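See below for the structure under consideration.
The values are calculated or read from the model by the stated rules, or taken from the named source; none is laboratory data. Model, not experiment: these values are computed from the prediction. Positions of Cβ are generated from backbone atoms using ideal geometry, with glycine treated the same way; all protein chains shown enter the neighbour counts.
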Amino acid sequence: MARYLLGRLGGILIVFFIVSVVIFLLMHAIPGGPYNEDKVPLSPEAKANYLRKYGLDRPLVEQYLLYMGNALRGDFGVPFQSPTETVTGLIGRTWPVSASLGMIALLVALPLGLLLGTLAAARQNTWIDYATSTTSTLGLTVPNFVVAVWLVLLFAVQLKWLPTGGWGQWYHYIMPVAALALAPMALTARYTRTSILEVARSDYIRTARAKGLSDQQIMTRHTLRNAMIPLLTILAPQIPNLITGTIFIESIFRVPGLGKFFVTSILGRDYPMIMALLLLVAVVWSLVYLITDILYVIVDPRVRLGKSKT
Amino acid sequence: MSTSTLISGQNIQTLPRQRTLLGDAARRFARNRLAIVGMIIVVLLVFAAIFADWIAPYPYDAANPTMALQFPSAQHWMGTDEVGRDVYSRIIYGTRISLSVGLGVMAIALLIGIPMGLAAGLMGGPVDYIIMRLVEVFTAVPALMLALLLISVFGGGLFNVILALGIVAWLDACRLLRAQLLSLRERDFVLAARTLGATSTRIATRHLLPNAMAPLIVAITIGIPVAIFAEAGLSFLGLGINDPIPSWGKMVGNALSYMRVYWHLGVFPTLAIAITMLGFTFMGDGLRDAFDTSMNR
């Protein structure tokens with residue numbers, strides 16, 4: 001296990017390195033720079049000054065090494081789009097907003113999805129089952145910004161129950177969380193149903209039944225536990241997306257989160273911010289996958305890490 | 001031998017019908033009501049895209065400031081937008097954009113993904129390792145951000161949007177094909193072919209590839225709505241396709257500031273996106289179930 005984890009960490013570091021080089025080259029390949037005339041009216045001297053100040057006049061290799069050197073020491077530079085603060089400060093201010101939305105959405109989606117999936121499986125081929133599978137197909141197919149627009153039209157414009165957007169009060173969470181939670185909920189429901197039905201056919205469930213356990217005991221102690229395992233792989237990729245902020249939802253509901261910076265940084269050629277955001281996502285992504293692998297071993301004793309893996 | 005002489009006579013009709021993989025799949029597909037609904041939606045969309053010039057009552061870019069922000073009426077079935085363009089016409093023309101994005105992105109994704117997946121799955125070893133690390137690198141970067149970076153490098157416009165989304169979308173085709181090949185390689189029929197003395201090229205082309213095709217076709221139909229969604233998202237942010245070309249995503253994005261009063265600007269483009277996504281997804285799911293012989297329903 002320790003050896004496997006070390007190997008994985010090594011792999012992650014290599015991926016980090018390549019990601020940072022690729023993105024660094026790509027973003028400098030974008031025509032135009034952060035201090036071009038079309039963005040800010042500056043005299044040539046002032047522009048040269050800015051370029052020198054942020055090291056943008058040096059060769060790319062040097063810029064890269066300088067940035068990575070500083071980043072390793074925890075200094076991610078100053079965002080060009082908001083020069084009065086640091087990149088760390090900007091992310092520290094906006095990320096918690098996005099992350100809290102995402103976490104709440106997950107906390108809503110997971111139990112609801114499990115419940116719906118279990119109900120659908122327990123009442124296979126009844127109206128409950130059909131209603132659940134229709135809902136989950138809709139939830140998985142209809143894009144979340146479309147759902148968000150419908151929510152606004154229904155609850156804010158038509159019924160006037162909720163404000164169209166904003167941030168700071170508990171009720172500002174309702175619509176963004178609903179729009180964000182729908183897809184993961186649908187995914188959870190669908191996979192819970194499939195994997196419960198699959199597990200229900202296995203030998204150890206027959207044994208449990210032969211032993212005289214009640215249906216409910218079989219469901220909670222044997223079926224559900226085993227059915228949860230494939231869910232890990234399904235849900236893990238959702239987590240980084242959810243907690244790093246979704247620009248669509250945040251812009252529709254005017255949530256002051258991290259999401260919009262993914263776009264504004266690229267449009268404004270905000271090099272330090274682009275790099276920081278990408279590294280942030282890469283770190284979250286790697287951590288989630290690493291934790292999933294470890295959880296796998298804990299939940300399912302049949303899995304052994306590092307062996308017989310293709 | 002004896003049977004063939006027996007049936008060579010008049011009673012050929014009594015032979016059990018020959019069953020092929022494709023025939024079986026088509027039968028299963030036709031029995032799936034949702035899949036048929038999906039297919040009808042897709043056919044209608046293709047129809048609308050081809051004959052947009054005849055179906056749409058107005059040109060998509062005919063602005064008319066005196067008729068701006070009209071609610072739906074007999075003249076303008078879905079109302080008009082902020083510069084007075086007919087929303088219904090723009091939605092009809094929008095099918096062209098959505099469908100060309102869906103098909104174009106998948107074509108590019110397959111053009112990159114299939115060779116990569118083949119190389120990884122068949123050659124294995126260091127080639128496989130390098131390709132899988134590459135896939136990992138791409139996965140670690142948020143797809144939207146990578147697409148944005150690429151579009152910023154290439155410049156905007158329909159073709160560049162398709163190119164950028166295609167470069168982002170090849171991962172799934174590659175991963176899927178590789179996984180298919182790896183699992184097929186271990187099957188008994190491959191072992192049988194090998195024992196009979198088949199060369200590895202023959203096994204790859206005659207045994208592995210044909211068997212890996214069905215899931216790939218399914219992946220394409222499921223990938224199309226994803227690409228359509230991605231384009232709608234980019235245009236929603238104002239970064240994809242430029243005005244006056246009608247992109248549904250862009251229409252939704254523009255509607256945001258008017259939607260509180262002019263609900264029709266939000267409702268119709270979102271419905272168009274949702275229906276298109278559902279159509280392709282139903283069809284894709286139907287194809288998947290039809291080809292999946294392990295799941296006899």
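For the structure I just gave you, tell me whether residue A:89 is surrounded by 14 or more Cβ atoms within 10 Å (Cβ to Cβ), within 14 Å of another protein chain (Cβ to nearest Cβ) and closer than 30 Å to residue A:172 by Cβ. The answer is no for residue A:89. Once segment A:248-258 is narrowed to residues that are surrounded by fewer than 22 Cβ atoms within 10 Å (Cβ to Cβ) and within 18 Å of the chain's Cα centre (by Cα), the residue that is farthest from the other protein chains (Cβ to nearest Cβ) is A:256. Of all residues in segment A:78-116, how many are farther than 21 Å from residue A:139 by Cβ and without any contact (Cβ under 8 Å) to a residue 12 or more places away in the chain? Number satisfying all stated conditions: 10.
Can you find a residue that is within 22 Å of the chain's Cα centre (by Cα), surrounded by fewer than 19 Cβ atoms within 10 Å (Cβ to Cβ) and either away from chain A (no Cβ under 12 Å) or basic (Lys, Arg) (or both) anywhere in segment B:101-109?
Scanning segment B:101-109, I find at least one residue that is within 22 Å of the chain's Cα centre (by Cα), surrounded by fewer than 19 Cβ atoms within 10 Å (Cβ to Cβ) and either away from chain A (no Cβ under 12 Å) or basic (Lys, Arg) (or both), so the answer is yes.
Scan segment A:259-271 and give yes if some residue there is away from every other protein chain (no Cβ under 11 Å) and of a type in the set (A, V, I, L, M), otherwise no. No. For segment B:80-92: of the residues being surrounded by fewer than 22 Cβ atoms within 10 Å (Cβ to Cβ) and not hydrophobic (A, V, I, L, M, F, W, C), which is farthest from residue B:249 (Cα to Cα)? Filtering segment B:80-92 for residues that are surrounded by fewer than 22 Cβ atoms within 10 Å (Cβ to Cβ) and not hydrophobic (A, V, I, L, M, F, W, C), the one farthest from residue B:249 (Cα to Cα) comes out as B:84.
Scanning segment B:163-208 for residues that are surrounded by fewer than 16 Cβ atoms within 10 Å (Cβ to Cβ) and polar (S, T, N, Q), which turns out modelled with the highest pLDDT? By that ranking, first place goes to B:195.
If I filter segment A:22-41 for residues that are at pLDDT 80 or above, loosely packed, with under 14 Cβ neighbours inside 10 Å and part of a helix (DSSP H, G or I), do I get at least one hit? Looking for residues that are at pLDDT 80 or above, loosely packed, with under 14 Cβ neighbours inside 10 Å and part of a helix (DSSP H, G or I), one finds at least one in segment A:22-41, hence yes. For segment B:283-292, does any single residue satisfy the condition of being farther than 23 Å from residue B:60 by Cβ, in contact with a Leu (Cβ under 8 Å, 6 or more places away or on another chain) and at the interface with another protein chain (Cβ under 10 Å from one of its Cβ atoms)? Scanning segment B:283-292, I find at least one residue that is farther than 23 Å from residue B:60 by Cβ, in contact with a Leu (Cβ under 8 Å, 6 or more places away or on another chain) and at the interface with another protein chain (Cβ under 10 Å from one of its Cβ atoms), so the answer is yes. How many of the residues in segment A:130-173 are crowded, with 19+ Cβ neighbours inside 10 Å, more than 7 Å from chain B (Cβ to nearest Cβ), among the β-branched types (Val, Ile, Thr) and farther than 21 Å from residue A:97 by Cα? Matching residues across segment A:130-173 total 1.
Consider segment B:141-162 and keep the residues that are away from chain A (no Cβ under 14 Å) and in a helix (DSSP H, G or I). The one that is surrounded by the fewest Cβ atoms within 10 Å (Cβ to Cβ) is B:159.
I'd like to check something: does segment B:244-251 contain any residue that is touching a residue at least 60 places away in the same chain (Cβ under 8 Å), facing another protein chain (nearest Cβ under 10 Å) and within 22 Å of the chain's Cα centre (by Cα)? The answer is yes; a qualifying residue exists. The residue of segment B:219-243 that is farthest from the other protein chains (Cβ to nearest Cβ), among those that are among the polar types (S, T, N, Q) and crowded, with 21+ Cβ neighbours inside 10 Å, is B:221.
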